[in-house]
Amino acid sequence: MHAKGWAGPAAALVAAMIIVGACSGGSPDARTSSSSVTATQSTALGVVVCPTTFGITSPSLPRLPTQLRTSVPAALAGRLSAYTDQAGTLFTIVPQGWQCAGAVAANGNSSVMVVPPGASTQPFPKGFAADGREAVAASGTSACRGCTYDLVCPLLADAADAPVYPPCSHAPPPAESVTHPSSTAAGFQDPTGVAGDGAPSGGAYPANGVILFHPPIPNPDAETGFIETCTLSEADHALCSAALDDFLRRYE
């Protein structure tokens, strides 16, 4: 999926998320850097291809780029790389030198998990389950409509599928902050120690993230959902903001 133009609601979402992060106890330097750098929409980052497990045998793999155009502010580019699975289904912006793993299921669902050196990429994180890892993790759904419903239903309405599936199995915890700039996008922050929509969340770092929903209208086969969560330390809040900003632009 290719990046789309920057929309007003998306800009409001990222701005709101930066404000939330700035109020969550970070250092003044972190707050200043996350709000003062300017996205260029043309910053090239090196691509890191993650070892990937597949749900089918002998998948046909594309030739992936060695660099990716991103919306990352130029001032941060020297600290970041673009990480992706071997099929190139998801790209996520993460600090350079980290280690990663990807997964692409038989139904097309995909995940990328990136953690600091020495940390474990396994198991892949799930929302509403305490996971203290520092990480940037992204997931996307494809042909599995039930998977999409389960992903988005805590924060976004899925009118087409709600009558088909059981009630949403999770609800945002009271301490989770949520922003709804549109009916198909949500930003969230789970404070430290709170396991919520963030995957991972509930650890020593706040979990900032976005959830995006592409409804099955007008094409039922085009229904997809995306989530990215960032649990970097407060000192690296600017990197979280850059990562989530790019993810939102790319998959909105």
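If a residue has to be without any contact (Cβ under 8 Å) to a residue 24 or more places away in the chain and in a helix (DSSP H, G or I) to count, how many in the stretch 150-163 make the cut?
Let us first name the residues in the stretch 150-163 that are without any contact (Cβ under 8 Å) to a residue 24 or more places away in the chain, namely 150, 153, 162-163.
Still in the list and also in a helix (DSSP H, G or I): 150.
The qualifying residues number 1.
In the list THR179, THR148, which residue meets the criterion of being closer than 22 Å to ASP245 by Cα and at pLDDT below 95? Before the answer, list the steps.
On the way: THR179 fails: at pLDDT below 95.
Criteria check complete, one pass: THR148.
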- Task: Kindly provide the set of residues from the stretch 77-118 that are outside any strand (DSSP E or B), buried (at least 23 other Cβ atoms within 10 Å of the Cβ) and hydrophobic (A, V, I, L, M, F, W, C), ordered by number.
- Result: LEU90
- Message: Can you report the number of residues in the stretch 194-248 which are out of contact with any Gly (no Cβ under 8 Å at 6 or more places or on another chain), in a helix (DSSP H, G or I) and surrounded by fewer than 24 Cβ atoms within 10 Å (Cβ to Cβ)?
- Response: 5
- Query: Taking GLU228, is it within 30 Å of ALA74 (Cβ to Cβ), in contact with a helix residue (DSSP H, G or I) (Cβ under 9 Å, 6 or more places away or on another chain), among the acidic types (Asp, Glu) and modelled with pLDDT of 90 or more?
  - Reply: yes
- Query: Taking into account only those residues within the stretch 51-72 that are crowded, with 21+ Cβ neighbours inside 10 Å and not hydroxyl-bearing (Ser, Thr, Tyr), which is nearest to SER110 (Cα to Cα)?
  - Reply: LEU68
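Mind checking which residues of the stretch 125-135 are more than 18 Å from VAL152 (Cβ to Cβ) and in a loop (DSSP other than H, G, I, E, B)? Show your work before the answer.
Keep residues of the stretch 125-135 that are more than 18 Å from VAL152 (Cβ to Cβ), which gives 130-135.
Selection gives ASP131, GLY132, ARG133, GLU134, ALA135.
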- Message: Can you tell me which of (1) over 14 Å from LEU212 (Cβ atoms); (2) in contact (Cβ under 8 Å) with a residue 24 or more places away in the chain is the one PRO166 doesn't meet?
- Response: (2)
- Note on the structure: Among the residues of the stretch 155-169, the number that are buried (at least 17 other Cβ atoms within 10 Å of the Cβ) and out of contact with any helix residue (DSSP H, G or I) (no Cβ under 7 Å at 6 or more places or on another chain) is 2
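The values are calculated or read from the model by the stated rules, or taken from the named source; none is laboratory data. Fair warning: this is a prediction, and the values are worked out from it, not measured in the lab. Cβ atoms come from the backbone with ideal geometry, glycine included; neighbour counts cover every protein chain shown.
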